[in-house]
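Here, each number is a calculation from the coordinates, and none is a lab measurement. Computed from a predicted model, the values in this text were never measured in an experiment. No Cβ is skipped: glycine too gets one built from the backbone with ideal geometry, and neighbour counts run over all protein chains shown.
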Amino acid sequence: MVITDEDKMASIIPEMTEKMQYLYTDVMESLLQMPCEQRAYIFGVGEDEDPDWIIGLTNYIVLEYIKYSFDYSDSVYPLRHFLQEIDADDSERMRQSRIVHYAMKYKKRKLEETERYTGPDHKFSNIDMDSMEDKLKGYKFTEMNFFEHQNIHDLDIIKAIVEKRIVSVKKVSNARFVEIFDQYDDLVEKLIERSKKSDEDMVFTSIAFFTLEWHYALEAFYIAACIMEEYGITEVDLDTLALLCAEVHIESRFGGSVSTTSRIVKERLLTLDYLLSPNVSVKDKTILKNMIKEIIVIYVNYMECVPSTEGGLYKDWFRENSDVSDWASFLRYYDLFSIWQKKNWTRTRIENMRKIMNSMFIEPL
């Protein structure tokens, strides 16, 4: 299929708010204006041009624009704001103080890793409490910050990952392993139910789930563990998983290089069976991985380099010209939650999952 006219373009634009449809179309049309060699390498040529790749990359770029816009729109409050909302007593305030102390160690490390995305003037760029003035004011959080901190401390699977206990059967028995993943699945089910309440809830819960999967890749790793079991694989290709789920440095065949976090959390699941299957040749796997690398390069360029016709970066123009209702309309169509599944554990899957986590997760705090 070759997308060359307005009728074909309109036929693949999902139902969203009018403004979101305009923004979505604008991103898609810009992808189709890429240099011919680059476009052909990723999308194909003539009758072999694959609209699914075009749609998939458009979806991912729009999702990242929404994530960026949401981060800036999410209001900042002192911790006491959230304590008042939950009517906290002294013991709860002390508990929250411990959570903040615990979570900030992890948050600071992640912030240092992602500083290139936020920049020195971003509202999340400084979480140190060096001066007395800062200590008196206390930490400030968005609703998403507060949600993340609760998960780091209270969600057992995240705590076990952060402390890297999850990889040891002596520290986390198989029975406990299943329990803490059930707790995680219960959280996602609650997010799904909340997402149905309003535009604001759809955006918040989708971004919350995206953040969990971006940081911890639990759905991707579970699918990988199931694929290993299906094919009787005892070791997984870590280079492949790293390309899909970790920090990457890519030299583009079209010039330049990028360093970023690979976090195409929905689209990567569609490639896992192909990339991990022993029935696919190394050559064919390499071709797909090289395409994925170029897609990641394009995403980074869209976030860091693509300008708006009105001046500044396109991502900032997008942020200023869209709102929660637009984002929610896209997220209902995109349905990030469709990648989640209730886990069905076997001993082999648990062993595979531990192997993957042991290789992929960062060192403990």
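Collect the residues in the stretch 154-212 that are under 22 Å from residue 246 (Cα atoms), under 21 Å from the mean Cα position of the chain (by Cα) and hydroxyl-bearing (Ser, Thr, Tyr), keeping them in residue-number order.
If the condition is that a residue be under 22 Å from residue 246 (Cα atoms), under 21 Å from the mean Cα position of the chain (by Cα) and hydroxyl-bearing (Ser, Thr, Tyr), then 184, 206, 211 are the ones that fit.
Taking helices (runs of 4 or more DSSP H) that fall entirely within the stretch 260-322, which contain at least 1 residues that are closer than 18 Å to residue 32 by Cα? Outline the logic, then answer.
Values: elements: 272-276, 282-304, 314-320.
In the stretch 260-322, the matching helices (runs of 4 or more DSSP H) lie at 282-304, 314-320.
I want to confirm something. Restricting to the stretch 284-307 and keeping residues that are surrounded by 15 or more Cβ atoms within 10 Å (Cβ to Cβ) and of a type in the set (Ser, Thr, Tyr), which single residue is nearest to residue 53 (Cα to Cα)?
Going through the qualifying residues, I end up with 299.
Within the stretch 224-248, count every residue that is among the small types (Gly, Ala, Ser) and either free of Cβ contacts under 8 Å to residues at least 24 places away in the same chain or under 21 Å from residue 295 (Cα atoms) (or both).
Just the residues of the stretch 224-248 that are among the small types (Gly, Ala, Ser), to begin with: 224-225, 232, 242, 246.
So of that shortlist, the ones also either free of Cβ contacts under 8 Å to residues at least 24 places away in the same chain or under 21 Å from residue 295 (Cα atoms) (or both) come out as 232, 242, 246.
Summing the residues that are among the small types (Gly, Ala, Ser) and either free of Cβ contacts under 8 Å to residues at least 24 places away in the same chain or under 21 Å from residue 295 (Cα atoms) (or both) in the stretch 224-248 gives 3.
Of all residues in the stretch 231-259, which are among the acidic types (Asp, Glu) and not in a strand (DSSP E or B)? Can you show your working first?
Quick first cut of the stretch 231-259, residues among the acidic types (Asp, Glu) only: 235, 237, 239, 247, 251.
Selection gives 235, 237, 239.
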